[in-house]
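Structure record follows, encoded as structure tokens.
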Amino acid sequence: MKLLASAAILCSAAVARTAASDAEETSLRGLRKDSNGGRGPPSFEVPVVDLSVVGDELIEPEQISSPGKAVKATLRFGIVEYVGPAYTTKVRAYNGVLPGPTIRVKPGDKLHLMLVNDLTEPVGYLKNNEYQHPNQTNIHTHGPHISGENPGDNVFEKIEESDLVGYSEEWTGKNVGPKQFHHYSYEFDGNHMPGTFWYHPHLHGSTALQTSTASGMLIIEDPEDYPATLKEMPEVQMMIYRLEIG
């Protein structure tokens, strides 16, 4: 059995719970017009991720791959309500699930990734290396040997809060409003080492808040000449968000 665990994302429940609660409270301080034309805190329904049953069956993430050399993926970054065995809170997630989809590529592949920011209400201030802009985001792939320049893995890219009127899933390459979604393109070398990597937000000032829950696996497949005893082993994908030690 191959256990594909992303150990780099270990975080304490206290940090995740505190950061998410603080961000939710901060976001509610922003005022906007509600559906009745008045002003007040935003109200919206969010997906519910119920992981409250200890020892429940492991749920495998959605798998995104392609038989060809071009893999296309759309990740929508938004709020979900996490229901756990110890507490319930609102957290950030990709595509309304925890963990996010597993993206699978092969050495030599090109990954086209569309990141859509579904958050609302611009809040925060601009000051390097301090808490800021919780509702802006970007994405970073952790581990692969790829370019850190646009249109690749640029951690300084910032996707603003979105009002995605007219947004289309079609690959037109055109933006609807400034920085409401962003098209990333990653090229993997033909001799890139296989392995289990991961992706997560990396906006300076909001990384701890967003990465505490929003993440997913990026798997670079084994080469064809790997021994069959390894390639044919059952695969178990697991991301660890919380550990209780002691």
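For the range 179-219 versus the range 54-123, the inter-centroid distance based on Cα atoms is 10 Å.
As a quick test, which of the pairs LYS69/LYS158; LYS90/LYS110; LYS106/LYS158; LYS72/LYS158 have an alpha carbon distance above 32 angstrom in this structure?
On the way: LYS69/LYS158 28 Å; LYS90/LYS110 34 Å; LYS106/LYS158 28 Å; LYS72/LYS158 21 Å.
Long pairs (Cα-Cα over 32 Å): LYS90/LYS110.
Counting only heavy atoms of the protein chains and using a 1.4 Å probe, ILE59 has close to 120 Å² of accessible surface.
Using a 1.4 angstrom probe on the protein heavy atoms only, could you order THR120, THR229 from most to least accessible area? Don't skip to the answer; put the middle values down first.
Working: THR120 60, THR229 110 Å².
Descending accessible area places them as THR229, THR120.
Given their separation in residues at 0.36 nm each and the Cα-Cα distance between them, GLU235 and LEU58 gain 62.5 nm when the chain is fully extended.
The values are calculated or read from the model by the stated rules, or taken from the named source; none is laboratory data. Everything numeric here is computed off the predicted structure, so don't read it as measured data. Only protein heavy atoms, including side chains, enter the accessible area calculation; ligands, DNA and RNA are left aside. Shrake-Rupley method; radii C 1.70, N 1.55, O 1.52, S 1.80 Å.
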